[in-house]
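**Q** Could you have a look at this structure, given as structure tokens, before my questions?
Derivation of every value follows stated rules applied to the coordinates shown; laboratory data play no part. This is a predicted model, so every value here is computed, not measured. Cβ: placed from backbone, ideal geometry, glycine included. Neighbour counts: every protein chain shown.
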Amino acid sequence: MTVGEQNEKVNLTGVPETMLQTIYARAKESRSHGAICDKKAEEIVGRLDYDFSLADKDNAMHSGVIARTIVLDRLTTVWLTAHPDSVVVNIACGLDTRCYRMKGYAHWYNLDLPETMAVRAKLLPESGWISQVAMSAMDNWGDEIKEKTAPVLIII
């Protein structure tokens, strides 16, 4: 955090609050054990004014998030290696930071409900090769994909 920057106050409850728990688990693991390296999660969590004490006590949630992160990162890396310059669509992305850990894609689309994407846009303002799509996975999100001929990986 730079001088003069203030921590971002976050007021989420219920299901939307879970996206704070998952980014915190990745940041905590990245800072301590090293099973994953997620500098973007560390950066975001460092900017938040939020009480993560419940997440610190939930070892099962932490382990599940890290296991899922490791598996999906490995599968995504293998796919992107075999299909360079492809498109990735991350459905129900929440505050997932995988797009910052991966290499080799032409465009990455993070898709989630509008209220979730409003939080994401505030914490992770993305542009260029990373786009935000604020809509339900049940809507016609395929029209939002600009690259019509590239191979597409869908992560849910």
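**Q** Pop out the Kirkwood hydrodynamic radius of segment 74-156 from its pairwise C-alpha distances, inverse of mean 1/r, in Å to one decimal.
**A** 12.8
**Q** Right, here's the next one. Quick one, could you list the DSSP H helices from the chain stretching 24 Å or more along their long axis (Cα atoms) with average Kyte-Doolittle hydropathy of -0.5 or above?
**A** Span-like helices, by this rule, are 59-82.
**Q** Using the Kirkwood radius built from alpha carbon pairs, what does the Stokes-Einstein equation give as D for the chain at 10 °C and 1.306 mPa s, in µm² per second?
**A** This corresponds to a translational diffusion coefficient of 97 µm²/s.
**Q** Scan segment 78-112 for trypsin sites (Lys or Arg not before Pro) in coil per DSSP, keeping those whose Cβ has at most 10 other Cβ atoms within 10 Å, and list them by number.
**A** Within segment 78-112, the qualifying trypsin sites (Lys or Arg not before Pro) (loop, at most 10 other Cβ atoms within 10 Å) are K103.
**Q** Fewest to most neighbouring Cβ within 10 Å: what's the order for L54, L48?
**A** Going from least to most buried by this count: L54, L48.
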